Every structure is written in C-alpha cells, then in structure tokens.
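Taken together, the values in this text are just the output of simple stated rules run on the coordinates, not laboratory data. In this text the structure is predicted, and so the values were computed from the model without any measurement. Every residue, glycine as well, gets a Cβ built from its backbone with ideal geometry; the counts of neighbours run over all protein chains shown.
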C-alpha cells in the first residue's frame, strides 16, 4: 500500500542463508542500531577527552588485553622451563647410557619421546609468541584509534564515513534468557570489541 510507513530493519543473515537449523528468525530496527552505535561512539569520544594515556589504559582494561597477555606470558615461561628440563633429562639419560645403566633400546625410546615433546613445545612456543605479538600490535593500535576518535566532539548524525572510519563490524546476537535483551557488539577498527 502506498500510505503505509516503511520501517527499516536488518534481519539475520545466518537465518536467511541457513534457516531454522542454525538460527531463529530475528531482526533489529535500523533506528535502534544507529542509536546504539552513536551512543557507543559518543562514550568513546568522551573517554578520549581524558587524554591518550588514560584512554589507552581504559581501553586495555575493557578489552582485557593485559590479562590475556599475562596468561600467555605465564604459559610461555612454563614451556621454556619444560624445554630446559627436557634438555637436562636427555643429557642425564645419555650419561646413563654411556655408563651402561640403561639399554640402548630404552635410550632411543626415551630419546624419541623427549624429541617429540620438545618439538611440540617448540610449536606451542611459536604460537604463543605470535599471539603475544598480536596483542602488542593491538595495544599499539589503540593510540591510532585515539588519534581518529579524538578529532570528534560529538556525533549527532552518524554518517557512512564515520562508520567506515571507526567500525570494523557489528555483531547482533540472538535474544537469549528470560529478559530477552538483544546484545549488540560493536567491533571498532584497531581496538576490537567493546
């Protein structure tokens, strides 16, 4: 009908693509989404007025980057200690083999076991170091985001350019639980989910 008012809404792409097997039918209105994103960005603008150092500390705390980095560094430390322990064990085992305290077959069996464990540890160390480097890059990217967001005073009308500059993606979760509130996650460029 021509006299009908059209309200813009965005529906779940998973439901449209896969149907009821993967997701239930849900949507969110365009106006609510814009209001939520504008409010979220304005909170970050207010936070940026505290200065770069405090902004960076608050974002790091909210995204729990430091806690994740500390956990990874602890795992890395344990793996490095275990790697040293294996080297010491292999040396002791070799001395026992030389002094005829263990048989040749037992020596090679244990040596293979320790070699496999050491190989596994090396792979895990590389993975953890890569994750730590990624977290360090994310921490550095927070200052880049600060430079972008500190240029704003307040966003009244959200424009396409603002969205492209500040937002990486938006995730709208399904309603769950008894209160049926929808969770909207905004993933910002350089700082991730907030």
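Structure notes:
- Proxy reagent accessibility, fewest Cβ within 10 Å first, across 107, 55, 94: 94, 107, 55
- Using 0.36 nm per residue and subtracting the Cα-Cα separation, the extra length available between residue 17 and residue 83 on full extension is 19.0 nm.
- Burial ordering of 155, 127, fewest other beta-carbon atoms within 10 Å first: 127, 155
- Rounded FRET efficiency, nearest 0.05, which uses the C-beta distance separating residue 193 from residue 90 and R0 of 45 Å: 0.50
- Rg over Rh, two decimals, the chain (C-alpha only, Kirkwood Rh): 1.23
- Computed over Cα pairs, the Kirkwood radius of the range 129-171 leads via Stokes-Einstein (0.692 mPa s, 37 °C) to a diffusion coefficient of 268 µm² per second.
- Subtracting the Cα-Cα distance of residue 106 and residue 75 from their residue separation scaled by 0.36 nm leaves 8.1 nm.
- Ordering 36, 190 by the number of other Cβ atoms within 10 Å of each residue's own Cβ, fewest first, gives 36, 190.
- Sites residue 132 and residue 171, calculated FRET efficiency, Cβ-Cβ separation with R0 35 Å, nearest 0.05: 0.85
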